[in-house]
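One structure below.
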Amino acid sequence: MNAFTSTSPTSLETAVVPPAVVDCDVVVVGAGPGGATAAAWLARAGRDVVLLEKETFPRDKVCGDGLTPRVVQELLLLGLHDEAHGRVDGWSTSTGLRIHGGDTVMELPWPELDDWPDWGAACTRAQFDHTLAKLAVSDGATLYEGVTVDDLTWRDPVARDRVDGVTWRTADGETGVVRAPIVIASDGASSKLGIKAGLHRRDDRPLAVAARTYYRSSRADDDHISSFLDLTDGDGNLLSGYGWIFPLDDGSLNVGLGLLDTSKDFRGTNYRKLLAAWATGMADEWETTPDNQFGGVGSGPIPMGFNRTPIHRTGLLLVGDSAGMVNPFNGEGISYAMEAARLAAEVADEALARKSTAVLDRYDRELRRRWGGYYTLGKVFTHLVGSPTVMDVLTTYGMPVEPLMQWVLKTMAHLTDSRPSDVNDVIINTMQNVAPAA
Ligand SMILES: Cc1cc2nc3c(=O)[nH]c(=O)nc-3n(C[C@H](O)[C@H](O)[C@H](O)COP(=O)(O)OP(=O)(O)OC[C@H]3O[C@@H](n4cnc5c(N)ncnc54)[C@H](O)[C@@H]3O)c2cc1C
């Protein structure tokens with residue numbers, strides 16, 4: 001049995017306080033999908049890696065819990081899969097996406113591609129993140145839970161030319177420092193470390209806010225995830241965002257919705273009320289009644305399209321939400337955090353081997369090459385769908401055309417082959433290659 005097949009997370013029993021001073025090769029801050037993945041790959045490369053997490057596992061993270069084929073790919077690369085069944089215990093799998101818009105409901109299978117698996121999954125973040133953290137520990141990373149990092153340390157505190165570690169504290173008031181030539185900030189959307197390094201959110205990059213809750217439902221055995229493009233306000237006006245229903249293996253549904261900051265309703269909306277009204281309106285079909293709801297409503301920001309740059313500065317690498325790496329087309333961030341983490345680990349390992357921090361520049365260059373054009377297109381997309389008129393035209397006239405929707409799915413889920421045999425892939429790849437990198 002590998003970590004992926006464990007169904008009931010138990011304590012990692014790592015909640016010991018670190019020594020006041022620890023030296024290591026790389027210190028990783030935040031053990032979400034980005035941080036745990038970076039730590040796992042670095043440990044596999046034989047590096048002495050310390051992973052600091054302010055919470056204690058299993059801990060929740062507000063999320064849709066949806067894992068697209070891009071995430072499955074990262075899990076397969078990490079070896080977290082059940083070869084016999086192509087799925088894992090405690091995780092629901094999906095064969096495709098069901099899109100609801102206007103009068104149309106369309107089921108689209110995940111595309112069959114050489115570069116990506118053709119299945120997705122869903123899993124509560126309490127379980128998903130705990131699984132990845134356990135994997136990092138079993139690979140050799142040293143994890144300290146309940147340890148909050150509060151600042152960076154610098155080789156020259158006046159010149160602040162190079163980061164060389166972090167300071168931390170616990171709830172009991174203990175404090176200390178972890179010293180390392182490379183620091184990975186995977187501390188989420190609010191990224192305290194990014195701010196400490198002088199890196200702030202960019203107003204010219206997209207942002208969304210989303211809310212989610214859970215319902216018990218017999219529809220949890222659905223093998224499709226569902227997205228809804230026809231969100232409306234109390235007066236029936238179309239909103240620029242989308243809703244989702246992701247079935248989970250425990251007999252519940254993750255139900256949520258998000259709005260883009262390009263929407264005029266972005267600031268004035270009460271997301272909890274909107275979610276409650278929307279879910280109740282679907283109760284006949286999905287059993288999303290107040291009686292079936294549990295776990296409260298959580299909401300959070302979704303920073304997209306490299307929302308914080310540069311993503312590398314003076315020995316500090318930003319991974320995942322800390323750099324706003326979420327896909328602007330669909331709000332997916334887990335895979336981008338894990339993909340960036342794998343690259344960050346590779347580049348950090350090379351920099352340590354060559355004893356050259358200049359190597360770290362490759363992290364920024366390579367991620368911009370991979371995603372920069374796509375994120376630029378995503379930014380244009382968020383402006384277009386910020387208009388209710390455009391949303392209306394898309395859902396009314398675009399939705400019923402199946403080949404068009406298959407193209408839309410591939411574009412929005414960022415799933416094409418690098419050596420395409422399909423004209424859709426050629427068009428999507430060309431578009432993102434010619435778009436200037438974000
Ligand atoms: C409502 C909502 C729904 C979403 N739905 C989906 C979805 O269905 N699929 C998808 O792919 N993405 C979704 N996302 C986006 C996704 O949640 C994020 O992109 C993803 O969690 C990013 O992973 P990360 O590792 O970068 O950061 P996080 O998952 O945020 O992890 C950061 C970690 O750092 C820790 N930390 C923070 N500060 C410190 C500190 N100072 N010291 C120590 N530890 C610290 C935190 O406790 C946390 O464990 C959603 C987001 C929201 C808000």
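All of the numbers you see were taken from the coordinates with simple rules; none came from a lab. Here the structure is a predicted model, which means the values were calculated and not measured. Using ideal geometry, Cβ is built from the backbone for each residue, glycine included, and neighbour counts are taken over all protein chains shown.
Tabulated values for the structure
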read-out	value
Relative contact order of the chain, defined on C-alpha pairs under 8 angstrom at six or more residues apart (%)	19 percent
Positive minus negative residues near Pro403 (Lys, Arg vs Asp, Glu; Cβ under 15 Å)	-3
Fluctuation leader among Gly331, Gly251, Gly146 - the chain, Gaussian network, Cα springs under 10 angstrom	Gly251
Local electrostatic count, Arg155, Cβ distance below 12 Å [Lys/Arg +1, Asp/Glu -1]	0
For Thr153, residues with placed amide H under 5 Å, excluding near neighbours	Asp164, Gly165, Val166, Thr167
Helix 69-78 vs. the chain, principal-axis angle (Cα, 0 to 90°, nearest 10)	30 degrees
Counted charge near Gly320, where neighbours are those whose Cβ lies closer than 10 Å (Asp, Glu -1; Lys, Arg +1)	-3
C-alpha long axis of helix 402-412 to longest principal axis of the chain, angle in °	20 degrees
Contact order relative to length of the range 131-274, as percent, for alpha carbon pairs under 8 angstrom and 6 or more apart	16 percent
Positive-end residue, the range 245-354 charge dipole about Cα centroid, Cβ charges, pick of Asn327, Leu248, Asn292	Asn327
Degrees separating the helix 33-44 axis from the principal Cα axis of the chain, which is the longest one	50 degrees
Relative contact order computed over the range 312-438 (Cα-Cα under 8 Å; 6+ residues apart), in percent	27 percent
Entries of Lys61/Lys196; Lys54/Lys134; Lys264/Lys379; Lys61/Lys134; Lys196/Lys264; Lys61/Lys410 with Cα pairs more than 25 Å apart	Lys196/Lys264; Lys61/Lys410
Candidate aspartates and glutamates for bridging to Lys273, where Cα separation is under 14 Å - those fewer than 8 sequence places away on the same chain excluded	Asp233, Asp235, Asp265
Candidates Leu238, Leu343, Leu404, ranked by Gaussian network fluctuation over the chain, Cα under 10 Å, top entry	Leu404
Top of Ala358, Ala121, Ala279 by mean-square fluctuation, Gaussian network on the chain, Cα under 10 Å	Ala358
Computed [θ] at 222 nm, deg cm²/dmol, the chain (DSSP H ≥ 4; -39,500 (n - 2.57); rounded to nearest 500)	-9500 deg cm²/dmol
